[in-house]
Structure formats: structure tokens, C-alpha cells
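**Q** Have a look at this one.
The values are calculated or read from the model by the stated rules, or taken from the named source; none is laboratory data. For clarity, every value in this text was computed on a predicted model and none was experimentally measured. Cβ: placed from backbone, ideal geometry, glycine included. Neighbour counts: every protein chain shown. Remember, those area values only see protein heavy atoms, side chains included, never the ligands or the DNA or RNA. Shrake-Rupley method; radii C 1.70, N 1.55, O 1.52, S 1.80 Å.
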Amino acid sequence: MDTDLPERSHAMKLLLALLVGALLSIPLFSIYLLNWDRQTQSETARTSISEGWGGPQTLAGPLIAIPYDAQVTETVQENGKPVTRTSVQRRELFLAPAALEIDTRVKPERRSRSIYEAVVYDAEVSGKAQFRLPADTGRLGVDVATLMFDKAELRFGVADPRGLKPANRIVIDGQSAAAQPGNGLAATNGSGFFTGLDATPLTTRPIAVEFGFALRGHSVIALAPRAGATRWTVTSPWQHPSFTGGFLPEARSVTPDGFSATYKISNLALGTTLVSTSDSAVELRAPETPYSRMSGATPTSEAQVGLIQPVDLYSQVNRSVKYGFLFIGFTFMAFLMFDVVAGVRVSAVEYLLVGAGLVLFFVLLLAFAEVIGFTPAYLVAGGAIIALLTAYSAAVLKSRKRAGFIAALLVALYGVLYVLLSLEAYSLLIGSILLFAALAAVMYLTRNLEWGGRRAAPST
């Protein structure tokens, strides 16, 4: 039976390829949602793994809190008449150290459950601080004579006290003191520990404090500085640190053996005085910039060090999906050129099946990456799809040579995509050059085609 079908014009063939390509945007978007869902599950699993170990930790203090009684006068309405009352309220004066040095040694550990992995750590914190009472304390409206120095407390802030270990050391002017739970600082939402001290020597001389404690946490360790001069040194064998927050280290070193970072922060940078009547957390107010308005970024008063995973496979899969149209476009362009130039008719179903194979690559990539890592998964998924589409192209295009061209094209595309994922800064540049090259090739190959006409029947 003769199955001669009316020949489509070149413009119709182009429109057909574009329609099928647009249709494939639906499964591509579904893969994007699938990757987002798997990433959410991964984050939930990581939280579950580290649950009970200790959360991301923020350190604050030490500060000396000195209670005092203040007379407060207020006017209230009674029977429609203003009445003035005076009462005595217990308040606290907070004194930050004039100089503070903290050394933090972070020992990371990988913990896994099923295919998910989280980074937890043990941290040893040691430091020394020197406190002195400023001469201008009276400008705060606090009479030094009313300060109850003998009832003062030395307070430390820790974001998640569940991670605190029993071992701790507090030495005040050469005398050991015992740590007590609670009475933390505002910078850590009131969490932490404290010890009582007699701060009477502050009236005549400085007080020296040495301390040390150990705690557990995961992902991030941060410091909320509040001192005249803060020096924070962080060291760890972890090779992939992330330095973020409101302050960056003055000096840092990252090697295959780990990292070290040193922060130097003054109270001039913090915008706070050493003595105040409030323990509210420091809020930095940076000038508004176009970037901050667009990103919604808010300044933070913390110096943060993150122990990040060297490869975030979900972000890489997400970026690769965004290049899905590049794969579909180049491959469909090759089939279209064989159709309009070489006369090999390609149907809508064949376009659709080839596109389905290209889309399936991203599903395979995500599935294998969760188990064997991104690079091996990329090789497995890419190799499987190249083999599948090469074999199918040999049948559709009726030529092993043409199928070999498709195989070479796919190998080049997957190679370029891997480079794009590795060189994020140049991805736009490389992608735009590829699109320019593709457009130039199409224009050259179709320069003599009559898109609105029909191809002449081949001579017999």
C-alpha cells in the first residue's frame, strides 16, 4: 500500500519542532519541582540527623550584669485625674569587656542516614577578657553608689544550650567559679549560662576573666561580638568553610588540611558603648544600596563560619535543568536540518520521543546523584541517554553516519553543560556563544531554502 503523504513545507517542519519543544517545557518544569521537593526532603533529613546533637551555634559574651534599684516616676489616671506615683524597680547595668580574645577549635564529623548526610561538630572554646568600669558611667543616669557589685553575674550566651558539655572553666582574678545554667544574653535569645561574682574591685581596678567550655552544633558557628576590641580565632580541619555574616575575617587560610580565620572587631564598628542599661542584641544599620533593596538582605552583627558541603548536588541539578531547552533546541535543530536539507522526514512522534529521552536525563541525574554523587551520576545518565538516542537516531535517520553525528552532538552538549556547571561565573558567556554559533549554523545551512514552498519531487 502506497503511503505517500503530502510533503510539509519547511516552515511547517520548523513550527512542528517548536511546538514539540514547547510541549516538553511541562516535564522540564515538573523535574524542577521534583528537584525542589527532594532538596526539601534532604534538608528535613539533615535536621533530623542532627536533632539532639545541637543546632547552629552562636556565641556571645561574656558580659557582667550588675543590679541596681532605680526610682521610676509615672503618671496614671485615677477617677479622671492624673496621679503621679514613684516606685523602685530592680534593673541591671551591663558591662562589656574592654578587650576580649576567643579561640575556637572546631572538629567536624559527617553523619549519615540512608542517602542523606549532615555535618556536625564539636567545638572547644577558650578565651580571656578584661573588664573595667568607665569613668562616665553616671551619664547613663545610674548612680554608681546604687550598684550592687556583690550581686553581679558574669553571663555567657549560647544559642542552643543542649549542645553544652559538662566540662567548663571560669577563672575570675585567679579564683575558679562554677557555671550555672540559664541567665544567658539577648544575642542568643536568653540562652546560655552564668556565674555569680563580686564585682566590687571594678571600682578601683580591672577584673580579669579566663574561661573555657565545649559544645556541640552543626553547620554553622557564629560569634555575636560585644567588646571594646574583640579578637576571634577559628581553626578546623574542615576544607570547605564559608565566611558570612556582618563581619569577615582579617586574615584567613584555607588548605587541604583545613582552615584558620582571625577576626578583629572594635566597638566602633559595632556602634555600641562598653556600658549600657540594656542587653539588647546589637543591630547593624548599613546604608541602603540598590543591591540590598533588590536582594532584601539585612545586616547582621554576627561573624559566621559555615561548614558547607563541597558539592550541593541539588543546586547543580537545578542549574542543569535550566539548560534543558539548550539540549532540546540543539538536538531538534540537528533533526530539523536532516529533515529540510537531507530530505529525511522526521515526524512529530519521533521529535517527542527524542525529547522525552533528553528530559529523562535530568531524572536519571537526580536519582543517581543522591546515591553515587553528582559527577558519577552525570557520566552514568549522560552515557545511557547518548546510547539510547544514538540507537534510535540510526533508525529514524536511516543512517549510522547521521546517528554518529547525533552522538557527537550529544557528547559535546553534555561536555559543555558540565563545564557550564563548573564555571558558574562564565556560564552566561559560554551559553550565549553557543546560541550564536547555533544560529549562525542554521542560517548558513538554510540560506537557500524556500521556507514557504514545497520540495521538488526527487528525479527517478
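**Q** Take the conditions small (Gly, Ala, Ser), in contact with a Phe, Trp or Tyr (Cβ under 6 Å, 6 or more places away or on another chain), in a strand (DSSP E or B) and open to solvent by less than 40 Å² (accessible area, probe 1.4 Å) and apply them to Ala65. Does it pass?
**A** yes
**Q** Now a separate question. Restricted to the range 344-366, and to residues that are surrounded by fewer than 15 Cβ atoms within 10 Å (Cβ to Cβ) and small (Gly, Ala, Ser), which residue is nearest to the chain's Cα centre (by Cα)?
**A** In this case the residue turns out to be Ala356.
**Q** If I go through the range 103-155 residue by residue, how many of them are under 30 Å from Gln309 (Cα atoms) and part of a strand (DSSP E or B)?
**A** 23
**Q** Which one is least open to solvent (accessible area, probe 1.4 Å) among residues in the range 139-188 that are among the charged types (D, E, K, R) and more than 35 Å from the chain's Cα centre (by Cα)?
**A** Only one residue fits best here, namely Glu153.
**Q** Taking the range 189-222 on its own, how many of its residues are open to solvent by 30 Å² or more (accessible area, probe 1.4 Å), among the aliphatic types (A, V, I, L, M) and farther than 23 Å from Pro161 by Cα?
**A** Looking only at that region, the number is 1.
**Q** Report, by residue number, each residue of the range 237-279 that is at positive phi and either touching a residue at least 24 places away in the same chain (Cβ under 8 Å) or assigned to a helix (DSSP H, G or I) (or both).
**A** Gly245
**Q** Given the criterion out of contact with any Pro (no Cβ under 9 Å at 6 or more places or on another chain) and either hydroxyl-bearing (Ser, Thr, Tyr) or closer than 21 Å to Val220 by Cα (or both), identify the matching residue among Val144, Val171, Val158.
**A** Selected residue: Val158, the only one of Val144, Val171, Val158 that is out of contact with any Pro (no Cβ under 9 Å at 6 or more places or on another chain) and either hydroxyl-bearing (Ser, Thr, Tyr) or closer than 21 Å to Val220 by Cα (or both).
**Q** Now a separate question. Say we look at the range 223-260 and pick out the residues that are crowded, with 20+ Cβ neighbours inside 10 Å and among the aliphatic types (A, V, I, L, M); which of these is farthest from the chain's Cα centre (by Cα)?
**A** Across the range 223-260, the extreme among qualifying residues is Ala227.
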